[in-house]
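*Asks:* Starting off with a structure, shown below.
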Amino acid sequence: MVRVIAGKFKHQRLTTLQGPETRPTSDKLKETLFNLIREDVEESVFLDCFSGSGSVGIEALSRGARDVTLIECAPRAVQVIERNLKNLSPAPPDRVTLLVRPVQVSLRILQRRMCKFDIVFVDPPYDAVQHYPQTLIQIHRCRILAPRACVILEHSRRLTLQPRYHDLSRVRQVRHGDSQLSLYRET
């Protein structure tokens, strides 16, 4: 189990998926992530791609994000997200949207809805390396980023990502054990 680290839902435990194919963001890495974007979270519009248990999006909500969108298509993961949202106390406001579709399809839906996000978190399974560049390119094509938005990718430190994907340039990398966070901004 992981927990909410700070904010309105601090210390609440969240259920995670069990099994070798899952890799929830650890509390320590999540804390590092939110230290990186601390000034940007409150009142932000937050997108969590490949949500898994929803823990990163729930952390953003707890820390004051205005709206949170979670994208997940795996049926077991969707059940875990729904359970985690239901078990939050006090009950979360109606500021959470769960899109139960693949990320590429969901990004096009968000484009049609003319959504703009301040923070986008991308964390596909580490062995699905094709999703990293595909998702960054799709984010660029769909024009879903608000001005001064950031895109953060969690990935294995062994994976080498390009410093630039269209208008998105890497501005920072932080290693944490076997994981790495890469922060991109539009230039």
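The values are calculated or read from the model by the stated rules, or taken from the named source; none is laboratory data. Model, not experiment: these values are computed from the prediction. Glycine also receives a Cβ, built like all others from the backbone with ideal geometry; neighbour counts cover every protein chain displayed. Just the protein is used for accessible areas: all its heavy atoms, side chains included, with ligands, DNA and RNA removed. Shrake-Rupley method; radii C 1.70, N 1.55, O 1.52, S 1.80 Å.
*Asks:* Just one of (1) at pLDDT below 95; (2) open to solvent by less than 70 Å² (accessible area, probe 1.4 Å); (3) assigned to a loop (DSSP other than H, G, I, E, B); (4) of a type in the set (G, A, S) trips up S89, so point out which.
*Replies:* Against the list (1) at pLDDT below 95; (2) open to solvent by less than 70 Å² (accessible area, probe 1.4 Å); (3) assigned to a loop (DSSP other than H, G, I, E, B); (4) of a type in the set (G, A, S), S89 comes up short only on (2).
*Asks:* Would you tally the residues in the range 157-176 being open to solvent by less than 60 Å² (accessible area, probe 1.4 Å), within 20 Å of K28 (Cβ to Cβ) and not in a strand (DSSP E or B)?
*Replies:* Final tally of qualifying residues: 1.
*Asks:* Here's a follow-up. So, V129, is that one over 21 Å from E43 (Cα atoms), modelled with pLDDT under 95 and surrounded by 15 or more Cβ atoms within 10 Å (Cβ to Cβ) or not? If you could, list the steps in order and put the result at the bottom.
*Replies:* Values: over 21 Å from E43 (Cα atoms): yes; modelled with pLDDT under 95: yes; surrounded by 15 or more Cβ atoms within 10 Å (Cβ to Cβ): yes.
Yes.
*Asks:* Moving on. Going by the structure shown, is C150 in a loop (DSSP other than H, G, I, E, B), surrounded by 17 or more Cβ atoms within 10 Å (Cβ to Cβ) and among the hydrophobic types (A, V, I, L, M, F, W, C)? Working first, answer last.
*Replies:* On the way: in a loop (DSSP other than H, G, I, E, B): no; surrounded by 17 or more Cβ atoms within 10 Å (Cβ to Cβ): yes; among the hydrophobic types (A, V, I, L, M, F, W, C): yes.
No, not satisfied.
*Asks:* Then there's this: Look through R63, R23, R76 and report the one residue that is more than 22 Å from H155 (Cβ to Cβ) and modelled with pLDDT under 95. Write out each step before concluding.
*Replies:* On the way: R63 fails: modelled with pLDDT under 95; R23 fails: more than 22 Å from H155 (Cβ to Cβ).
Selected residue: R76, the only one of R63, R23, R76 that is more than 22 Å from H155 (Cβ to Cβ) and modelled with pLDDT under 95.
*Asks:* Let me ask another. G57 - would you say it is open to solvent by less than 40 Å² (accessible area, probe 1.4 Å), part of a helix (DSSP H, G or I) and under 23 Å from V105 (Cα atoms)? Please lay out each step first, then the result.
*Replies:* Working: open to solvent by less than 40 Å² (accessible area, probe 1.4 Å): yes; part of a helix (DSSP H, G or I): yes; under 23 Å from V105 (Cα atoms): yes.
The answer is yes for G57.
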